[in-house]
């Protein structure tokens with residue numbers, strides 16, 4: 001059974017617009033919080049790097065203060081991250097809502113690391129034969 | 001029971017008419033903010049369902065303990081709270097007890113009693 005928020009959201013274009021705005025703010029700021037947590041950087045340390053106050057950082061991260069794209073870039077740069085934008089038509093949303101199985105995600109990460117660290121030959125090419133075998137096994 | 005299914009977990013609304021406590025909670029804030037508040041809570045619930053947890057402590061905090069000594073939480077959107085608990089550990093299905101308006105951070109004893117009452121009813125349905 002759909003919940004009453006979903007029913008409200010589906011009842012008008014305006015409601016969907018409001019939801020999408022909040023969804024974007026949450027996705028971005030929660031991802032930044034995750035990166036801060038993973039890299040053990042506190043809000044105070046981030047504030048120092050950005051030459052601003054901790055209160056300002058808190059407001060940016062809880063969504064009470066709007067973040068410009070320039071500020072977003074500065075925040076990400078400060079924590080050694082960067083952003084890639086993917087904008088698509090709402091009618092194509094189904095194509096992007098698929099979550100790959102965790103095993104596939106884990107394999108992709110490992111392959112990426114292995115490819116990065118694999119030694120190259122004299123011509124600069126990397127031998128990816130063993131990687132191909134491993135992909136075939138999972139597939 | 002109404003629910004929201006996400007990529008990581010499902011959020012359930014424990015009370016028969018969850019909108020009732022929501023309407024009571026937002027009646028305490030200016031009418032021109034009702035829609036944006038609703039959109040924000042809607043997005044918070046979706047984020048929790050998709051990611052399995054909320055990261056920013058400004059958006060969720062440990063509120064108190066259930067009779068089984070497990071924690072329960074408050075999802076925060078300005079002055080509105082959604083009280084609830086995870087089925088097991090953080091990241092498992094989440095159960096929203098009810099919504100409430102909070103003018104201060106301290107937990108109100110009537111909200112604590114309502115969470116415990118809803119949790120006991122949930123347990124009574126064979127959920128633990």
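Values quoted throughout were computed directly from the atomic coordinates according to the rules given, and no laboratory measurement underlies them. All values reported here derive from a predicted model rather than from experimental measurement. Positions of Cβ are generated from backbone atoms using ideal geometry, with glycine treated the same way; all protein chains shown enter the neighbour counts.
In percent, how large is the relative contact order of chain A, given Cα pairs closer than 8 Å and 6 or more residues apart?
Computed value for chain A: 13 percent relative contact order.
May I ask you to order B:40-49, B:84-93 by the average number of other C-beta atoms within 10 Å around their residues, highest value first?
B:40-49, B:84-93
With angles folded into 0 to 90 degrees, how steeply does helix A:69-78 sit against the dominant principal axis of chain A? Use alpha carbons for both and round to 10.
50 degrees
Nearest 10 degrees, 0 to 90: what angle lies between the long axis of helix A:129-138 and the longest principal axis of chain A (Cα atoms)?
60 degrees
Cα axis of helix A:13-38 to longest principal axis of chain A: angle in degrees, 0 to 90, nearest 10?
Here the helix axis deviates by roughly 50 degrees.
Per residue of A:6-19, how many C-beta atoms from partner chains lie within 10 Å of its own C-beta, taken as a mean?
Partner Cβ neighbours, averaged per residue: 3.
Can you tell me which of B:60-66, A:118-124 comes out highest on packing, and rank the rest after it, using the mean Cβ neighbours within 10 Å?
B:60-66, A:118-124
Summarise the partner chain shielding of B:54-63 as one whole number: the mean count of Cβ atoms from other chains within 10 Å of each residue's Cβ.
The shielding value for this peptide is 5.
If Rh is defined by the Kirkwood formula over all Cα pairs and Rg also comes from Cα, what ratio Rg/Rh do you get for the protein assembly as shown?
The Rg/Rh ratio comes out at 1.03.
Calculate the mean, over all residues of peptide A:24-30, of how many other protein chain Cβ atoms lie within 10 angstrom of the residue's Cβ.
Average per residue, whole number: 5.
So what's the convex hull volume per residue for the Cα atoms of chain B, in Å³?
100 Å³
From Cα pairs below 8 angstrom and at least 6 apart in sequence, can you work out the relative contact order of the stretch B:1-121, rounded to a whole percent?
28 percent
Sorting check: for A:77-86, B:95-104, A:17-26, B:21-30, which peptide has the highest mean count of neighbouring beta carbons within 10 Å, and how do the rest follow?
So the peptides A:77-86, B:95-104, A:17-26, B:21-30, ranked by packing, come out B:95-104, A:17-26, B:21-30, A:77-86.
Using the Kirkwood radius over Cα pairs, work out the Stokes-Einstein diffusion coefficient for the stretch B:26-71 at 20 °C and 1.002 mPa s, in µm²/s as a whole number.
D, rounded to a whole number, is 169 µm²/s.
For the stretch A:1-91, I need the span (max minus min coordinate) of the C-alpha atoms along each principal axis, in Å, sorted largest to smallest.
The principal-axis extents, from largest down, are 44, 25, 23 Å.
Between the stretch A:43-80 and the stretch B:31-90, how many Å separate their Cα centres?
Taking the Cα centre of the stretch B:31-90 as reference, the centre of the stretch A:43-80 is 23 Å away.
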